[in-house]
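A short worksheet on the structure shown next.
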Amino acid sequence: MGILNPPNNIFMLQTLVNQLNKIGVQNQLCDGALPSCTVMHNLDHEIPQLIIWPKSTEEVQQALSLIAPLKKLQKIPISIISGGHGYNGEAMCTGITFDMQFMKSCVIKDNKLIVEPGCGLRKVIDVLQEHSRIIPHGDSLTVGAGGHFISAGWDLLLTRKYGLGCQHVTSATIVYWDGTAEVVTQETNPKVLHSIKGSFGNFQGIITELTLDTFDTPSEVHLARVVLDLATLPKNIIQRSYNLPPEISTTLRFFFIEGTPKLVLILGTLMSKEKTIDVIAHEICKNLAEQVKNSWVCESLSDVRFLPLERTAQEDWKSIVDMTTEEFEEISEKYWKRDVFLREMKVSYCQQRSYWINITAPNTIFKDLIYFLKTISPEFQEKVYGNVTIGGGEMWKNKKNVSMPIGQAIIRFESHCEDLKTHQTQSKHLSYLFTKVSEKYREKELIGKVYSGDKFNREK
Ligand SMILES: Cc1cc2nc3c(=O)[nH]c(=O)nc-3n(C[C@H](O)[C@H](O)[C@H](O)COP(=O)(O)OP(=O)(O)OC[C@H]3O[C@@H](n4cnc5c(N)ncnc54)[C@H](O)[C@@H]3O)c2cc1C
């Protein structure tokens, strides 16, 4: 959907630009390419005609008030980018994009995190660590608080015990499309607050601030990584992992290690190591408990947060925290572990598919997935990975407090490549094959219902 055809289009946008300049709201006409400071994780996205960089809620209000009368004349697509990590490039459109990167304040007050959308998770992690507080969140340092906490916050260690990050939003400042602003809370406007939590944005306005509950840092945090043997996989491992206490979280990752497809169990626990091993022995099997016992890789929450990063990242941490996304992306290769960088963090053309699956899925799912990996050509092997992540616990218990559907376990697959042609042919074909493989394990009631953190649902 385009906006007014030239020359009306140019005239209208130029008038808007003049008005924005007059009131000092930073903006730029794009002319077919994104300005370098606006970074998208997925290079497969639309290019807007105009980008606006607001520095405050008032500037968002002023800009939207100027755009509102123009929208009456013509449909104008508007989109919002906070961190640019939506998997499918949804933060861009062909019209006007609000880039929130200069609204990046992040503080803790009365044990609540108050964060602006342009703040990257690196800063959120830093502020939480300084105050010994936690919130469930993801592990990419450049993901933006804006998209993340309105739609996601699946933490591979904390979500079963504490829920998703977006389930803890207690208040949000929203500027509606007509330029009016409102602070919505459970008391003042529960309907709008509920619609924001799990929304993936782009529904009724621009979020300019979020407040979230935080929690004490747990005293025990451990993480183990076990390479599993398909032949001796404990029976019904998905269901039995789901039934573990919420302190124990499991993700089964399928990817290549040195050219061979592998299945790796990532097991996080908020219990002591001894107790965790007892529970695994009792609830799953002794053999797996024994393997976990010998495979601990992290002994604290900060170990877990730094696990995908090289040591240099820890040494340079304070400067990383204050970098702009553009500055960080330019040198990020030296901070991520190489394998993590190639298959997850690199700015590239990416394809991502995710589906809710049934927790009663039998272990044949893993045989099918390994068989699927074996079809992948060598040049792609370093650039793909997938997860079966087991949900449940608090996330499931409180599923009604967000506006997106929530299932019990999710399967995801992601591939990255450098050029558009390979992306449009081979990686789309891989996604198609993955969809076929996962089809028979899907949660029937949630077919077509996406996890918002993974995909914008156009129905909304
Ligand atoms: C490498 C990588 C790792 C990830 N890891 C995890 C993980 O561990 N756990 C997890 O749960 N998710 C994870 N995600 C998914 C990620 O959390 C979501 O895609 C999230 O929405 C990204 O937020 P963003 O602000 O960076 O993205 P953006 O692309 O900027 O925004 C995403 C969507 O939200 C909308 N939006 C953004 N800001 C606003 C705003 N201020 N007001 C209204 N709408 C807005 C955008 O228009 C867009 O539709 C990961 C993604 C990537 C690429």
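The values are calculated or read from the model by the stated rules, or taken from the named source; none is laboratory data. Quick caveat: nothing in here was measured; it's all calculated off a predicted structure. Neighbour counts are summed over all protein chains in view; Cβ atoms, including those assigned to glycine, are modelled from backbone coordinates with ideal geometry.
Has the range 17-40 got at least one residue that is of a type in the set (Asp, Glu) and within 16 Å of the ligand (Cβ to nearest atom)?
No: zero hits.
THR159 fails exactly one of the following numbered conditions: (1) under 28 Å from LEU43 (Cβ atoms); (2) crowded, with 21+ Cβ neighbours inside 10 Å. What is the number of that condition?
(1)
When you go through VAL192, VAL124 one by one, which is the residue that is buried (at least 21 other Cβ atoms within 10 Å of the Cβ) and out of contact with any Lys or Arg (no Cβ under 8 Å at 6 or more places or on another chain)?
VAL124
Out of all the residues in the range 168-212, which are assigned to a strand (DSSP E or B), more than 11 Å from the ligand (Cβ to nearest atom) and in contact with a Leu (Cβ under 8 Å, 6 or more places away or on another chain)?
VAL169, THR170, SER171, TYR176, VAL184, THR185, THR211, LEU212 - these are the residues of the range 168-212 that are assigned to a strand (DSSP E or B), more than 11 Å from the ligand (Cβ to nearest atom) and in contact with a Leu (Cβ under 8 Å, 6 or more places away or on another chain).
Tally time: how many residues in the range 126-141 are more than 16 Å from the ligand (Cβ to nearest atom), in a helix (DSSP H, G or I) and in contact with a Leu (Cβ under 9 Å, 6 or more places away or on another chain)?
Of the residues in the range 126-141, 2 are more than 16 Å from the ligand (Cβ to nearest atom), in a helix (DSSP H, G or I) and in contact with a Leu (Cβ under 9 Å, 6 or more places away or on another chain).
Yes or no: GLU439 without any contact (Cβ under 8 Å) to a residue 60 or more places away in the chain, loosely packed, with under 13 Cβ neighbours inside 10 Å and on the phi < 0 side of the Ramachandran plot?
The answer is yes for GLU439.
If the Cβ limit is 7 Å and pairs must be 6+ apart or interchain, which residue in the range 198-209 that is closer than 17 Å to ALA68 by Cβ pairs with which residue that is in a strand (DSSP E or B) and within 6 Å of the ligand (Cβ to nearest atom)?
Short answer, once both residue conditions are applied: ASN202/SER79; ASN202/ILE80; ILE206/ILE80.
For the range 364-396, name all the residues that are farther than 20 Å from LEU433 by Cβ and either in a helix (DSSP H, G or I) or not hydroxyl-bearing (Ser, Thr, Tyr) (or both).
Within the range 364-396, ILE390, GLY391, GLY392, GLY393, GLU394, MET395, TRP396 qualify.
Table: residues versus (1) part of a loop (DSSP other than H, G, I, E, B); (2) at positive phi; (3) among the hydroxyl-bearing types (Ser, Thr, Tyr).
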{"residue": "THR94", "(1), (2), (3)": "yes, no, yes"}
{"residue": "GLN101", "(1), (2), (3)": "yes, no, no"}
{"residue": "LYS104", "(1), (2), (3)": "yes, no, no"}
{"residue": "LEU113", "(1), (2), (3)": "no, no, no"}
{"residue": "GLY118", "(1), (2), (3)": "yes, no, no"}
{"residue": "VAL124", "(1), (2), (3)": "no, no, no"}
{"residue": "PHE149", "(1), (2), (3)": "no, no, no"}
{"residue": "LEU156", "(1), (2), (3)": "yes, no, no"}
{"residue": "LYS161", "(1), (2), (3)": "no, no, no"}
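Would it be correct to say that LEU64 is assigned to a helix (DSSP H, G or I), crowded, with 20+ Cβ neighbours inside 10 Å and either of a type in the set (A, V, I, L, M) or at pLDDT below 95 (or both)?
Yes; evaluated as a whole, the condition is true for this residue.
From the list MET345, MET404, which residue is closer than 30 Å to HIS168 by Cβ, modelled with pLDDT of 95 or more and within 16 Å of the ligand (Cβ to nearest atom)?
Every option except MET345 fails the conditions.
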